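**Q** One structure follows; several queries about it will come next.
Here, each number is a calculation from the coordinates, and none is a lab measurement. Owing to the predicted nature of the structure, the values given are computational and were not obtained by experimental measurement. All Cβ positions, even for glycine, are placed from backbone atoms using ideal geometry, and neighbour counts span all protein chains on display.
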Amino acid sequence: MISILLPIIILFTCSFDLLYDLIKQLFQSSARLPSDYNVEVVKGLNVLTIENLNLLGFNFKSDKDILKYFNRLNNLDIYLYLDDIKSVNHFIQSAGVLKLYKNLSINWFFILCELLITMAIFGILFHIYKRVKLKFLIGWIFATVFTAIASVNILGFHKFEPSTKFIKLSYYLQLIILNSRNFLDKDKRTAIENGLVIIGTNLFGYLLSFFCKEERSFIGNKLILFTISGLIAIIIDFIMSKTFLKELIILNNVMIKKIKFHPIIYSILMIQIIITIMHWIIIAPIGNVKVKNTNTLIYYVEYVLIVIFITAVCNFFIEKKEIVEDKINEIELQGSLDIIRLETSKSPLIISVDLDNNIMVHNPFGGKSILKCDFWPINHIKLSDDGKYIVLINYKLGLVQCYEDLKLIWRHKNQYINKETKILNSFFRRKTIPGFLARRVLKSDSSSSLVDSNFPPVKEDKFEFIFVTNTQTIIYNRDGSFKNYPSPSPVLASALVLTPRVADRIVNFTEDKLIVGTIINNNLKFKELLFKETYNQLGQPLTRSTGKGKGYNEISIIPLYFGMIVIVKDFIAELVDVSTGIVIKKIGVGNFKPGSFRVTHSEFTHCKFCGSASINSLSIIYEDSGTLIVHNFKLDSKSKSNICLRVERDPREIRCQGFNNVQEQHWVYPDIIKWEITSVNTIMGISQTKFEIIQSNDTYKSNLKSIKKKTKKYESDLQFFVITLSDGIKKDYKKVESGTNVIAKYGFKSVVCNFGSKIEIFYLGNDKLIEEGEDLYFNNDLWTNELLFINKRRRRR
């Protein structure tokens, strides 16, 4: 914003006097001098009076008409008639000398010259227009006009302003030629032709000196001023080209290809300078004209008000482009003792547990609070997405505690929770309202009437806390009551699948089945999901081995936000559609650390051909012995379409491409300490950078020589890194401290980790870390997640 506004204000300041006089001339009357002039020179204290001018044959009604007439003229026209001028804010108030001429009428000559110079300007502009865009040309013309005004005004407007339209157009044409000097060819004529041009120029100068002796000083002064103004114009062009008119002032010949002909720059410029000098000879005030101008407070008030107006207009019309610095930013929070656990959600709150059994709730934009809890250890912590509710669970005692706004609202001892319990999945959800009740409530609100007794008023939406253990699924209400759904066989893995406009689903993986529980009217209904390899194949039950052998990976289920899951069992990861059970893609994976398996993808939109959801890339990430491994799936780089996620796909489909056409890339990153994925398709974490230190130690000495043996030692630094999963580039940022125990995702583009008792949030770009409303299409709020075009259509309403 500053780079645009500052040059505009500087140019306006340089051109203010000239623009002030131009506006002054536009608002004066249209009175004219008589056509027949007397040849006289009148002198006095003030010759601009009715008495003086009426004696000379003029017909003005008042002194105001006289001042309006002379203030309307161009300055050099004024200098032809007046001398010893006194003005206030560039408005002429009086003059001591009046010079009159007889039959000074050369209108046809001026009209012809103005026509020719206008044709020359349009010819040059048309020559440039054929090779550049119209938008580019308009900006360039605008820049050259202001450059001409500013350069003239810097030298002193009263000494240089052209007296006719022709001189103005000539000066502008010469600036066009100078500004487009890289666009026009240089003079490639022979030495004889160049010599003739030099001889002709000198001959013209001698003739000018011989016949126009009285005008020599005037012409010389004008040529010097013209040269200086041209240089100033070029400097202004250079400054403008480095700010808001970058690459608009000087046309670069590199951008113009396939050009067969350019006008000769030196020839055009020389001819134009000669013609300009001839016009200066025709009308030139002899001698120096005395002008005394004083500015009042009104002049400066007008300047300040116009600058304020320009600033306001720029702020209103110019779009502010956020400049994101390529550096990692951080927010630091402080705890009491070393932190052993961090818990986050979509809310801005962070829950930390330290060695002294203290549970702290941190708000980076507020403060921190202590959550009182009288049991230990805390085996499970869950924070709601709005940050309002917190649940703590202890396996040994079977206790479940719920907090609302950091206050304990209920405590319950559950008989189904014991030492053997393992919570596989937990989440908060809001209870839904049947559609007919919701419509009646809306209708009653709009009409300000009460609902009848058959349909009592519906209270606020209530939350419920659901968690899946290895034996049951338990649902807690806000008042502490609960329901449990026992599982017929032990559950090995569980995940919550959220899909726009589809009921919430819980996917449980048992020893021999894949069970899907659908939440309908706040009740769970379970059914077995049968697997299919293709969309027209009959469903088959899960008959794979349990894979309890040594070295096998733990079973994991990762939900995706378009109704699919990734199931990992042994060394195979399968992309499965939850609604139909169709296996879309099978992926081979290696050994990974328990709990380190992640799946992320780019933002999803609609397929251009069939309208189904589509993504640009899908990445599978896991860690093995300090090494981060990434499997990235993309279509061919030549393909302009995304990966279509349509399930009922015919193998012969050629319009849109699915996972059967993707290309797999493997990226390996060693020496990774801690890491976590974000919602913007990146990985953030801490890596170890090793470097070698060479030390020289004397091994033994003899009388003849000393032999030195080099021993290698290694030291390491911890650095924060960011991996962009669209291209796999890993970039290291600042060095960090040691002592990191836990790392967690925070918001949609940042991570939070501890360094002993200190908590730090790392992020790139601005400090808007928590998603709100529809900021992210692919990882949006739980109850407003939609596809891209649906949101756009909704905003147009």
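**Q** Give Lys569/Lys674; Lys327/Lys734; Lys593/Lys674; Lys327/Lys768; Lys368/Lys462 a once-over and call out the pairs whose C-alpha atoms are over 20 Å from each other.
**A** Over 20 Å Cα-Cα: Lys569/Lys674; Lys368/Lys462.
**Q** Could you sort the peptides 353-361, 521-529, 555-563 by per-residue average Cβ neighbour count (10 Å cutoff), highest mean leading?
**A** In descending order of packing, they fall as 555-563, 353-361, 521-529.
**Q** For Phe126, Phe427, which order do you get if you count the other beta carbons within 10 Å of each Cβ and list the fewest first?
**A** On the way: Phe126 10, Phe427 19.
Taking fewest neighbouring Cβ atoms as first place, the list is Phe126, Phe427.
**Q** While we're here: How would you rank 632-643, 749-760, 335-346, highest first, on the average number of other Cβ atoms within 10 Å across their residues?
**A** Working: 632-643: 15.2, 749-760: 21.2, 335-346: 18.4.
Highest mean packing first, the order is 749-760, 335-346, 632-643.
**Q** Which net charge results for the neighbourhood of Asn46, defined as the other residues with beta-carbon distances under 10 angstrom from its beta-carbon, given Lys and Arg at +1 and Asp and Glu at -1?
**A** So the environment of Asn46 carries a net charge of -1.
**Q** Using θ = phi - 60° and the Karplus relation 6.51 cos²θ - 1.76 cosθ + 1.60, list the HN-Hα couplings for segment 571-582 in order, rounded to whole Hz, with x at every Gly or Pro.
**A** Taking θ as phi minus 60°, the curve returns 10, 10, 10, 10, 8, 10, 7, 6, 6, 10, x, 6 Hz for segment 571-582.
**Q** Would you please give the residues with an amide H less than 5 Å from that of His380, counting only those at least 5 places away or on a separate chain, with H modeled from the backbone geometry?
**A** Counting only residues 5 or more places away or on other chains, the set is Ile393.
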